[in-house]
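K.L.:
Dropping a structure here in structure tokens format, bear with me for questions.
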Amino acid sequence: MQEKLYEGKAKKIFATDDPDVVLQQFKDDATAFDGTKKSSITSKGTSNARISARLFRLLEENGVATHFLEQPSEDSLLTRKLDMFAVEVVVRNYAAGSIVKRLGFEEGQKFKQPMVEYFLKDDSLHDPLITCAHIEELGLVSKDELEQLKSLALKVNEVLGAFFAERGITLVDFKLEFGRDREGNIVLGDEISPDTCRFWDAETGKKLDKDRFRFDLGEVEEAYQEILGRVESD
Ligand code: UDP
């Protein structure tokens, strides 16, 4: 086994023989509410690895550079090593989650246009919402790079939104993380899964994502399996 470089809440990252490539192993561990709620979701690791692999492939086919290289096992991905930005980029199509609490929107309300928000990746500060001015002052990414992140996030929204709509799923919102590769190119990293997106069944409105775990809605494992099945269907 190669050296473990990092262990996060949902993934372990291992070195490989190639210094520009890492192995991301997806765990069944689940956390919510700033890590205060902890449990495990059976087979989440494999579901999220397979879902991410499929969605990264889809994005690459549509001209979005991602860190994905290949899926060597059910619960892992080989990815390009990136120097990650300390910014989470959230895109919202419908109101749900923190924006409902923060600004009083009604859950399920469709926004006039997709909304992009930025959060600081800093557990000790509880990942606060930040503005472009904060990002500039903190020197997290340059002004030009921030514009690129925003347009990439909106492109990802278009591609994923259409893909999920064809499969009877509404893409409510999602979080992306980007980094720079060795040449300085901006590349999409992390994962795209029911842990990082909100998916609602387009017909019934049933939540098919981590909200089932966050709010003890039951059928948690089934929701991840349902998304996997729809994502892997033609
Ligand atoms: N999200 C995430 N990681 C985080 C925070 C949010 O993947 O640390 C995702 C979340 O699953 C949702 C979107 O980003 O799809 C927007 O999350 P929100 O700001 O509503 O926060 P939450 O409700 O998760 O507290």
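The values are calculated or read from the model by the stated rules, or taken from the named source; none is laboratory data. Since the model is a prediction, treat every value here as computed from it, not as a measurement. We place every Cβ from the backbone using ideal geometry, glycine too, and count neighbours over all the protein chains shown. Please note that ligands, DNA and RNA were not included when accessible areas were found on the heavy atoms of the full protein model with its side chains. Shrake-Rupley method; radii C 1.70, N 1.55, O 1.52, S 1.80 Å.
K.L.:
Can you say whether SER43 is at positive phi and either among the polar types (S, T, N, Q) or within 14 Å of the ligand (Cβ to nearest atom) (or both), as far as the supplied structure shows? Working first, answer last.
P.N.:
Working: at positive phi: yes; either among the polar types (S, T, N, Q) or within 14 Å of the ligand (Cβ to nearest atom) (or both): yes.
The answer is yes for SER43.
K.L.:
Let me ask you something else. If VAL156 meets every condition in (1) within 12 Å of the chain's Cα centre (by Cα); (2) surrounded by fewer than 18 Cβ atoms within 10 Å (Cβ to Cβ) apart from one, which number is that one?
P.N.:
Result: VAL156 fails condition (2) only.
K.L.:
Please specify each residue of segment 177-194 satisfying the condition of being in a loop (DSSP other than H, G, I, E, B) and not hydroxyl-bearing (Ser, Thr, Tyr). First the steps, then the outcome.
P.N.:
Initial filter on segment 177-194 (in a loop (DSSP other than H, G, I, E, B)): 181-185, 189-194.
Of everything in segment 177-194, those that are in a loop (DSSP other than H, G, I, E, B) and not hydroxyl-bearing (Ser, Thr, Tyr) turn out to be ASP181, ARG182, GLU183, GLY184, ASN185, GLY189, ASP190, GLU191, ILE192, PRO194.
K.L.:
Which residues, taken from segment 98-121, are touching a strand residue (DSSP E or B) at 6+ places or on another chain (Cβ under 7 Å) and either exposed (fewer than 13 other Cβ atoms within 10 Å of the Cβ) or not in a helix (DSSP H, G or I) (or both)?
P.N.:
Quick first cut of segment 98-121, residues touching a strand residue (DSSP E or B) at 6+ places or on another chain (Cβ under 7 Å) only: 99, 108-111, 114-121.
Scanning segment 98-121 gives GLY108, GLN109, LYS110, PHE111, PRO114, MET115, VAL116, GLU117, TYR118, PHE119, LEU120, LYS121.
K.L.:
Follow-up question, since we're still on this one. If you check MET84, MET1, which single one turns out to be modelled with pLDDT under 95 and either surrounded by fewer than 20 Cβ atoms within 10 Å (Cβ to Cβ) or farther than 23 Å from VAL220 by Cα (or both)? Give the steps one after another, and end with the answer.
P.N.:
Details: MET84 fails: modelled with pLDDT under 95.
Going through MET84, MET1 in turn, the sole match is MET1.
K.L.:
Could you pull out the residue among GLU158, GLU136, GLU147 that is assigned to a helix (DSSP H, G or I), among the acidic types (Asp, Glu), touching a Lys or Arg at 6+ places or on another chain (Cβ under 7 Å) and more than 17 Å from LEU82 (Cβ to Cβ)? Steps first, answer last, please.
P.N.:
Numbers: GLU158 fails: touching a Lys or Arg at 6+ places or on another chain (Cβ under 7 Å); GLU147 fails: touching a Lys or Arg at 6+ places or on another chain (Cβ under 7 Å).
From the options GLU158, GLU136, GLU147, the qualifying one is GLU136.
K.L.:
Give the residue, chosen from PHE105, PHE164, PHE111, that is of a type in the set (Phe, Trp, Tyr) and within 17 Å of the chain's Cα centre (by Cα).
P.N.:
Values: PHE105 fails: within 17 Å of the chain's Cα centre (by Cα); PHE111 fails: within 17 Å of the chain's Cα centre (by Cα).
Answer to the selection: PHE164.
K.L.:
Also, I was wondering about something else. Looking only at segment 189-229, which residues are more than 14 Å from the ligand (Cβ to nearest atom) and either more than 18 Å from ALA32 (Cα to Cα) or open to solvent by less than 20 Å² (accessible area, probe 1.4 Å) (or both)?
P.N.:
Result: ASP201, ALA202, GLU203, THR204, GLY205, LYS206, GLU222, GLN225, GLU226, LEU228, GLY229.
K.L.:
Going by the structure shown, is ARG230 out of contact with any strand residue (DSSP E or B) (no Cβ under 8 Å at 6 or more places or on another chain) and modelled with pLDDT of 95 or more?
P.N.:
Working: out of contact with any strand residue (DSSP E or B) (no Cβ under 8 Å at 6 or more places or on another chain): no; modelled with pLDDT of 95 or more: yes.
Considered against the rule, which asks whether it is out of contact with any strand residue (DSSP E or B) (no Cβ under 8 Å at 6 or more places or on another chain) and modelled with pLDDT of 95 or more, ARG230 comes out as no.
K.L.:
If GLY35 passes every condition in (1) within 16 Å of the ligand (Cβ to nearest atom); (2) surrounded by 18 or more Cβ atoms within 10 Å (Cβ to Cβ); (3) not aliphatic (A, V, I, L, M) but one, which one does it miss?
P.N.:
It fails just one condition, (2).
K.L.:
Would you confirm whether or not segment 52-69 contains a residue that is touching a residue at least 24 places away in the same chain (Cβ under 8 Å), assigned to a strand (DSSP E or B) and open to solvent by 10 Å² or more (accessible area, probe 1.4 Å)?
P.N.:
Taking every residue of segment 52-69 in turn, at least one turns out to be touching a residue at least 24 places away in the same chain (Cβ under 8 Å), assigned to a strand (DSSP E or B) and open to solvent by 10 Å² or more (accessible area, probe 1.4 Å).
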